[in-house]
1. Show the residues, 5+ positions off or on another chain, whose built amide H is closer than 5 Å to the amide H of R118.
2. Determine ³J(HN,Hα), in whole Hz, for all residues of region 119-130 in sequence, where each value follows from phi through the Karplus function 6.51 cos²θ - 1.76 cosθ + 1.60 and θ = phi - 60°; x replaces Gly and Pro.
3. I'd like the Karplus ³J(HN,Hα) series for region 30-46: coefficients 6.51, -1.76, 1.60, θ = phi - 60°, whole numbers in Hz, and an x wherever there's a Gly or Pro.
4. Of E11, E96, which has the most accessible area and how do the rest follow, probe 1.4 Å?
5. In sequence order, what are the phi-derived ³J(HN,Hα) couplings for region 95-110 according to the Karplus relation 6.51 cos²θ - 1.76 cosθ + 1.60 with θ = phi - 60°, rounded to whole Hz, with x for glycine and proline?
6. Where the only charges are on Cβ atoms (+1 Lys, Arg; -1 Asp, Glu), what is the dipole of region 19-64 about its Cα centre, to the nearest 20 debye?
7. Less than 20 Å apart at the alpha-carbon level, and either on another chain or at least 8 residues along: which lysines does that give for K128?
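The values are calculated or read from the model by the stated rules, or taken from the named source; none is laboratory data. Note that this is a predicted model, so its numbers are computed, not measured. Cβ atoms come from the backbone with ideal geometry, glycine included; neighbour counts cover every protein chain shown. These area figures cover heavy atoms from the full protein model, side chains too; ligands, DNA and RNA do not enter into them. Shrake-Rupley method; radii C 1.70, N 1.55, O 1.52, S 1.80 Å.
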Amino acid sequence: VAAIADGFQPEQKPPFAVTAGERRELRFELSKFACSVRVRVTDGETGAILPGVVVHQKSLSQERLPDLAGGDSPELFVEDVIEDDRETFRAVTDGEGRAVLGSFPGPYVLVVRHPRYRDFIGERFPLKDGDRKDVEVRLTPYPPAERELSFGGTVTDGGTERPLSGVAVTCHYRE
């Protein structure tokens, strides 16, 4: 059981069992996040709001940032940022294309992903205690031909070369 509220750190209770008719009272004491980022996501061509878009706010340690991208003036790729082990805050846009991410002070980058749109990586930005940042993101849709890509093949065990079942294969488009 978890309690989640905009602007507050979520709190989770350990699992427990209840029987029919049993009443169990839980007490949650949520702490406010020190900062927040409000995001609105739209289609870059039509301006239509985009619900169901995944928004990541990734923590960027200044001393590790060059390592992540391989230099002092890095070009960040979505996979580098998402798969890095830094703390992240994640939200999904609502029916109005909006998401709110609570966070702590520090440097961040915003990453927005949707399967029918090109991945968006925002500029690095700092958050100080009490900051409230508003971000408008206009996603660029893939051209129709790129949305319909398909591929096939067989994933095998590297040692035995036998086909593996139940393997998830993902493909990321990169210009």
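1. Close amide H contacts, sequence-distant or interchain: T140, Y142.
2. 3J(HN,Hα) across region 119-130, in whole Hz: 4, 10, 10, x, 6, 5, 9, x, 10, 10, 3, x.
3. Taking θ as phi minus 60°, the curve returns 8, 9, 5, 5, 6, 9, 8, 10, 9, 10, 10, 10, 9, 6, x, 9, 9 Hz for region 30-46.
4. Details: E11 45, E96 110 Å².
Reading off the accessible areas and sorting them downward yields E96, E11.
5. Once θ is set to phi - 60°, the couplings for region 95-110 become x, 9, x, 10, 9, 10, 10, x, 7, 10, x, x, x, 9, 9, 9 Hz.
6. Working: 8 positive and 6 negative charges, 41 e Å.
So the magnitude is around 200 debye.
7. Partners found: K32, K58.
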